[in-house]
Every structure is written in C-alpha cells, then in structure tokens.
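Working notes, structure below.
Values quoted throughout were computed directly from the atomic coordinates according to the rules given, and no laboratory measurement underlies them. All of these numbers come straight from a predicted model, not from anything done at the bench. Here the Cβ is made from the backbone with ideal geometry for all residues, glycine too, and neighbour counts use every protein chain on show.
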Amino acid sequence: MTERIISITVDQGGDRLDRFLASALPDLSRTHLQRLIEDGFVTVDTVAVSKTGMRLTGGERITVRVPPPAPTDLLAESIPLNVIYEDSDLIVIDKPAGMVVHPSAGHASGTLVNAVLGHDPDIEGVGDEARPGIVHRLDKDTSGLIVVAKNDQAHRYLQAQFKDRATRKIYLALVVGRPKTQVGRIEAPIGRDLKNRQRMAVVPASKGREAITEYRVRESFKNFTLVEAEPKTGRTHQIRVHFGFLGCPLAGDALYATRQSSGMKIEGLTRHFLHAHRLTLKLPSGEERTFESPLPDDLEKVLRELREIK
C-alpha cells in the first residue's frame, strides 16, 4: 500500500478537528485520525497541527497524509481458507478446528490472521495492527463461521453490530446429560476463575460481566444432547461456561468438565463439540445476510455413532 494524500476544505466552523475529519473520512477511524494528527500528518492551511481538539472556524484547507501501515512481525502465509462469502468489505470464513485466530504466545504462525494476510495483503493494518481485520473471535478448537473486515470503515461497522447485539449467532453444541428444559435462557455473569486463570466461571455480578445464552434442544441421545445455542452477549468461553454451570458441559471439553461428566467420553472426539453454525448480520451495503456452515466431518461422525446407540 502507498501513502494517501487527502485535501478537504472546511465549509463551516465550530467542530473539533478530529471530529470533522472522522465525519469527512468515514473509511478512517477517529482513533486513527487522532494518531495522524498527533504524529504531524495533518496540516491546516499548510501548518502542521498536533491538537486533536483544535476548533475549526470555517474555510480552512486541511491536508491529511495517510502513510501505509507500519510493518509488523505478522507473516502472510499461503494457508488454504474455506471462504464462504467475500466482497470488497469483508470475508466470511469457515474456520477449521485447531486453527488459532490471531498470533499469540506459542502461536506465531499458522493462524487465521496469517492465512488472511496471505489471501489479501491489503488487510494489514485494518483495525488492530496485531489482529488485522478481526471482528470477533472463535476459540482454537471451535470450528465454524468467522468474519474478517477488509477496510477500517467495514471493521467499525461490523464491530458495532456485534457490540450492539444486532447480529445473530447460532452454535451447535453437544452437551453431556440433558438440560432440564427443551428451551431455555441462561443469565449468569461470567468472569475470570480465581482458582484457575485459564478458565472463566460464573461469578457474582460484582465480579463479572453480564452474560446471556439462549438454547433449544435439537436432538437427544443416550447420555448426550445436541442443542442450538445462541449467545446474546460475547464473553470468553461463554457457551462452554454456561452449559457447565447447568451441569451439562460440552462433550470433549476437558477444561470445563465436571466430576460427573469427566467419565462421559466419546471415542474419536478430540476437541470440545462446538461449531459456529449460522450467522446473520448486515453487510456494510445495508443488506442483511445469513451464512451457514455444516457440521465438519469429525462432529458429524460423532452424531452418526450416537444415533446408532439411541
């Protein structure tokens, strides 16, 4: 990507410099523009300014230099992606189990971010430089649909939908045992487990954040139940924590297994049974779309075997 130079004339005064630029340049976030102002990339009537809150009087000529994203340690890798949908604003990807979403300690390469940069290098620098394009997350061993933004405007638009709970996400989960009701709503705050920092837990409201999951039973088996789970909030490990709280942890989930469920193992299931199956959202164009991902082979095989022993 090369440097962009944008010139704008202020029609009327009264607005802050950063707010005016955020309105005039919707493809750049206000945070990004504030950083450009502070770093000397913005001039007002040919004079470099550094105050993001400078008041405009009207008639000024503003020039913004947008340098290409600073190089990072992120590597673009040629990793095959199962792309469900793609346009100029976003990519919907069917993530396989075992793929980490973004680089972290112990996962410097082979992540979804590395694969996305190999697919489209221009995504570098979109949103968070360390997690370019990433709008939401899936756990490493959770398979299914994930959205990646291709520009800053789309990134802000999509993140706002997730924050405002305007998207609809349906997961398929196989749980140990059977929930007490066919349809239910779990409202239980989630926070870090003080006894094990690798886990999350249901905690008092004062120590956690609101978390809501709705579910309905889809199919029942001996000792297991397939449910559709719809998280209304987006807490870390939310579905896994909430069903563990009900006493019905996910099949194959060693982290949240209970004493009663630890013996309920399924041969051949090497991860927790959780799949991001359906996602409904509005594209930046305003069109509402629903995307679906079928169960991957390893999870479908588990269901076939359970059906044989019902």
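Counting other C-beta atoms within 10 Å, which of TYR256, TYR85 has the fewest, and how do the rest follow?
Numbers: TYR256 21, TYR85 13.
With the sparsest Cβ surroundings first, the list reads TYR85, TYR256.
Please work out how much length the chain gains when fully extended from ASP39 to ILE8, using 0.36 nm per residue of separation minus the C-alpha to C-alpha distance, in nm with one decimal. List each step's numbers first, then the result.
Values: separation 31, 0.36 × 31 = 11.16 nm, distance 1.89 nm.
So the extension gain works out to 9.3 nm.
Going from the alpha-carbon gyration tensor of the range 168-308, what semi-axes, largest first and in whole Å, does one get by taking the root of 5 times each eigenvalue? Kindly include the intermediate steps, with their values, before the conclusion.
Working: eigenvalues 106, 99, 35 Å².
Rounded to whole Å, the semi-axes are 23, 22, 13.
Debye calculation, C-alpha points only, no solvent: report log10 I(q)/I(0) for the range 83-163 at q = 0.17, 0.19, 0.20, 0.25 Å⁻¹, in the same order as the q values.
-0.60, -0.76, -0.84, -1.32
Would you mind classifying the range 246-310 by shape? Square roots of the alpha carbon gyration tensor eigenvalues, ordered a ≥ b ≥ c; an a/c under 1.5 is rounded, otherwise it is prolate if a/b is larger than b/c and oblate if not.
Numbers: a/c = 3.35, a/b = 1.95, b/c = 1.72.
Judged from the Cα gyration tensor, the range 246-310 comes out prolate (a/c at least 1.5, a/b above b/c).
Return the equivalent ellipsoid semi-axes of the range 4-66 as a descending list in whole Å, where each equals the square root of 5 times an eigenvalue of the C-alpha gyration tensor. Intermediate results must be reported in sequence, preceding the final value.
Details: eigenvalues 45, 30, 26 Å².
Over the Cα atoms of the range 4-66, the ellipsoid semi-axes are 15, 12, 11 Å.
Calculate, axis by axis, the spread of Cα positions in the chain along the three principal axes, and write the results as whole Å, longest axis first.
77, 44, 39
Among the aspartates and glutamates, which fall within straight-line cross-link reach of LYS232, defined as a Cα-Cα distance under 16 Å, with same-chain neighbours fewer than 8 residues apart omitted?
Partners within reach: ASP164, GLU187, GLU210, GLU214.
How large is ³J(HN,Hα) for each residue in the range 249-258, as worked out from phi by the Karplus curve 6.51 cos²θ - 1.76 cosθ + 1.60 (θ = phi - 60°), to whole Hz, x for Gly and Pro?
Each residue of the range 249-258 in turn: x, 5, 4, x, 8, 5, 5, 10, 5, 9 Hz.
Between ARG137 and GLU77, with labels modelled 7 Å along Cα→Cβ, what's the label distance in nm to one decimal, could you check?
In this crude spin-label approximation the distance works out to 1.8 nm.
What net charge do the residues around CYS248 carry, taking every other residue with its C-beta under 13 Å from that of CYS248, with Lys and Arg at +1 and Asp and Glu at -1?
In short, +2.
Listed here are the pairs LYS95/LYS169; LYS222/LYS265; LYS163/LYS207; which of them are more than 18 Å apart at the Cα? Spell out each step's value before the answer.
Working: LYS95/LYS169 15 Å; LYS222/LYS265 12 Å; LYS163/LYS207 21 Å.
From the list (LYS95/LYS169; LYS222/LYS265; LYS163/LYS207), the Cα-Cα distance tops 18 Å for LYS163/LYS207.
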